[in-house]
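What follows is one structure encoded as structure tokens, with my remarks underneath.
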Amino acid sequence: MNVVCIGAGYVGSVTGTAFAAIGHQTTIIDIDPKKIEQLNGGKSPIYEPGMEQLLPALIGKNLFATTSFEAVAEAHVVFIAVGTPSKEDGTADLGYIKLAAQKIGRELSKDRFTVIVNKSTVPVGTTELVASLIEEASGFEADEHFTVVSNPEFLREGYALEDVFFPDRIVVGTSSPQGLQVMRELYHNLIERVGYDQLSERLPFLCDRQTPKAIYFETDPKSAELIKYAANAFLAVKISYINEMARLCEVLGGNVLAVAEGMGLDTRIGKKFLQVSSGWSGSCFPKDTAELLATSQKYGSEMMVVKAAVASNESMHMYVVEKVIRQLQSLNGKRIGILGLTFKPDTDDARKTQAAAIIQKLVELGASVSVHDPQGMAMFQSLNSHLPIVYCHEPLDTGTRADAVILLTHWQEYQELDWAAMHSLMRRPYVLDTRNFLDSARLKAIGFAYEGLGLATNSLTLAGDGVMGG
Ligand code: UDX
């Protein structure tokens, strides 16, 4: 099939590349010439494991990148995968979606039926909105010359290719019989895993995968649009729940690792998304919970559970600062090292990350802050240029004469760090591990005062110079 993907961000680049990899003739369109130039040079405009292995073999063969919308006229399927940032009031800004719809409308050909697919996370009713904008721009009637389908993405950054090639489910929302037929054909090779053997030479994770085939779920457009928000908000609630449980463990003397494991053994609950953190963040959860909450409030049907999860999440960021204060008292003149700025490992995405809120507070309280992240420093710096902090190329440098090192993101390289060297650099060897990720026994043996979150039965112990009590 001829596939067009509008948007070369996280969703569009990965989706377009994956459809080309399973045999469709694919064109990625973006208004940013820099991203198009990168793609045409075989480089990924985003950091995502696997993309650099896949792109060079596809680009110029059956994957093309351009700033021109001409390819829309020849397309069977046009994905809209542009950004939907939050507005002040929390609702999604549909400016880029509307622009894309108008441009698609101007290029549509009357000689073929085109399926336009909303891949971006969009509020309920956007399928209808896009259809009416395309009708206006093209002069054609929806469901005669074209149809608009909702097909939300569920990919996680860092595992985006894995999630595209091995999805749990594919949700397709449409009431158009032609739309249904085209979408089934489009996804056939992906569901049946056609051509995965050849691809696995470049992407080893594609071979010998024993997971069940994706469930192909067809529904109406509004339900499809809601499924995306409902799923993301539910996951956010789940994380906030375990994070609050961690705080309760610290008060009552339980161990949240045991609590999460014991809860997760109930198959109705499951063990995923019960890992403690300084809060959920990133480009999806904050935006999607804000939109769901704002819309539910506007329509008089407030989602109180989501509201509580958002508030709980913000207080979780500050709980980390409170823990540091409990150890160091006044932060005036204290030096603090931060390991990890991205909202999770294996991504360069530093949008809406808790690191910004936590560092802002530490600085306000008088601390000097040094930071490190393996991939996210450039984006973090451009988004937070107001923060007076030192960016370190080496993670160990964050520990120089530091009174505390806080691990915010569980990058693998932090586990493998020379912690003995870190210990000798620090003024006060206190480590706060907000992901309960580091080898606490090893750190304590080196002489660190180590704290995780919710590990009350394993409470802060001090080996060494007796600066802090546990
Ligand atoms: C999420 C959804 O998982 C994905 O389906 C959707 O399409 C986009 O939003 P993503 O934002 O890439 O994906 O990140 P995810 O891996 O879900 O993590 C979200 C946040 O929750 C991160 O900050 C992560 O560190 C945090 N998290 C996740 C926890 O704190 N604990 C957990 O147990 C899991």
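The values are calculated or read from the model by the stated rules, or taken from the named source; none is laboratory data. Note that the structure is predicted; figures quoted are calculated from it, not measured. Counting neighbours? That spans all protein chains shown, and the Cβs are built from the backbone with ideal geometry, glycine included. Quick note on the areas: whole protein, heavy atoms, side chains included, nothing else; ligands and nucleic acids left out. Shrake-Rupley method; radii C 1.70, N 1.55, O 1.52, S 1.80 Å.
So here's what we get for this one:
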{"quantity": "Gain in span if fully extended, HIS393 to ARG442, counting 0.36 nm per residue against the direct Cα distance", "calculated": "15.2 nm"}
{"quantity": "Net charge contributed by nearby residues that have their C-beta within less than 15 Å of GLN354 (K/R +1, D/E -1)", "calculated": "+2"}
{"quantity": "Over 32 Å [Cα-Cα, the range 229-470], rounded percent", "calculated": "19"}
{"quantity": "ASP433, ASP397, ranked by accessible area, largest first (probe 1.4 Å)", "calculated": "ASP397, ASP433"}
{"quantity": "Estimated dipole of the range 2-219 in Debye, rounded to 20 [Cβ of Lys and Arg +1, of Asp and Glu -1, Cα centre]", "calculated": "340"}
{"quantity": "Dipole moment magnitude, nearest 20 debye, the range 229-470 about Cα centre, only Lys, Arg, Asp, Glu C-beta charged", "calculated": "440"}
{"quantity": "For the range 278-317, radius of gyration divided by Kirkwood radius, i.e. Rg to Rh on alpha-carbons", "calculated": "0.99"}
{"quantity": "Principal axis dimensions, the range 14-78 - Cα atoms, whole angstrom, descending", "calculated": "32, 26, 17"}
{"quantity": "Karplus 3J(HN,Hα) series, Hz, for the range 241-257 with 6.51 cos²θ - 1.76 cosθ + 1.60 (x for Gly, Pro)", "calculated": "4, 6, 5, 5, 4, 4, 5, 5, 4, 5, 6, 8, x, x, 10, 5, 5"}
{"quantity": "Share of carbon and sulfur in the accessible heavy-atom surface of the chain [1.4 Å probe, %]", "calculated": "53"}
{"quantity": "Residue pairs, from the table LYS287/LYS352; LYS323/LYS344; LYS119/LYS238; LYS61/LYS213, whose Cα atoms sit over 18 Å apart", "calculated": "LYS323/LYS344; LYS119/LYS238; LYS61/LYS213"}
{"quantity": "Per residue, the convex hull volume that the Cα atoms of the chain enclose (Å³)", "calculated": "153"}
{"quantity": "Semi-axis lengths, Å, the range 360-417, gyration tensor of Cα atoms, sqrt of 5 times eigenvalues", "calculated": "18, 15, 10"}
{"quantity": "For the range 14-22, 3J(HN,Hα) per residue [Karplus equation, 6.51 cos²θ - 1.76 cosθ + 1.60, θ = phi - 60°, Hz, x = Gly/Pro]", "calculated": "5, 4, x, 5, 5, 5, 5, 5, 8"}
{"quantity": "In Hz, Karplus ³J(HN,Hα) per residue of the range 184-190 (6.51, -1.76, 1.60; θ = phi - 60°; x = Gly, Pro)", "calculated": "4, 5, 4, 8, 3, 5, 6"}
{"quantity": "Pairwise Cα inverse-distance average, inverted: Kirkwood Rh of the range 288-415 (Å)", "calculated": "15.7"}
{"quantity": "222 nm mean residue ellipticity, helices alone, for the chain (DSSP H n ≥ 4; -39,500 (n - 2.57); rounded to 500)", "calculated": "-13000 deg cm²/dmol"}
{"quantity": "Among SER315, ALA71, ALA92 the positive-end extreme of the charge dipole of the chain (Cβ point charges)", "calculated": "SER315"}
{"quantity": "Heavy-atom surface of the chain, accessible at 1.4 Å and reported per residue (Å²)", "calculated": "43"}
{"quantity": "Cα-based reach from LYS334 at 16 Å (exclusive), listing aspartates and glutamates while leaving out same-chain residues under 8 positions away", "calculated": "GLU322, GLU364, ASP397, ASP403"}
{"quantity": "Crossing angle, helix 126-138 versus the chain [Cα axis fit, 0-90 degrees, rounded to tens]", "calculated": "40"}
{"quantity": "Coarse-grained scattering of the range 113-178 at q = 0.18 Å⁻¹, given as base-10 log I(q)/I(0) from a Debye sum over alpha-carbon atoms", "calculated": "-0.71"}
{"quantity": "Protection proxy ranking of 153-164, 281-292, 61-72 - average other beta-carbon atoms within 10 Å, highest first", "calculated": "281-292, 153-164, 61-72"}
{"quantity": "The range 359-465: proportion of alpha-carbon pairs further apart than 20 angstrom, %", "calculated": "39"}
{"quantity": "P(r) histogram, all alpha-carbon pairs of the range 72-189 included - 10 Å bins from 0, percent", "calculated": "14, 44, 33, 9, 0"}
{"quantity": "Within-13-Å neighbourhood charge of THR174 [Cβ basis; K, R +1; D, E -1]", "calculated": "-3"}
{"quantity": "Radius 12 Å from Cβ of LEU161, net charge of other residues (Lys, Arg +1; Asp, Glu -1)", "calculated": "-4"}
{"quantity": "For peptides 413-421, 339-347, sequence by mean Cβ density within 10 Å, most packed first", "calculated": "339-347, 413-421"}
{"quantity": "Net length gained if the chain between LEU180 and ASN62 were fully extended (0.36 nm per residue, minus Cα distance)", "calculated": "40.0 nm"}
{"quantity": "Residue-span extension gain [GLU364 to GLN53] - 0.36 nm each, minus C-alpha spacing", "calculated": "107.6 nm"}
{"quantity": "For the range 2-219, the spread of Cα positions along each principal axis, largest first, Å", "calculated": "47, 41, 36"}
{"quantity": "Share antiparallel - DSSP beta bridges, the range 229-470, percent rounded to 5", "calculated": "10"}
{"quantity": "Descending principal axes extents, the range 239-280, alpha-carbon based, whole Å", "calculated": "28, 22, 11"}
{"quantity": "Assigned charges on the beta-carbon of Lys, Arg, Asp, Glu; the chain dipole about Cα centre (debye)", "calculated": "960"}
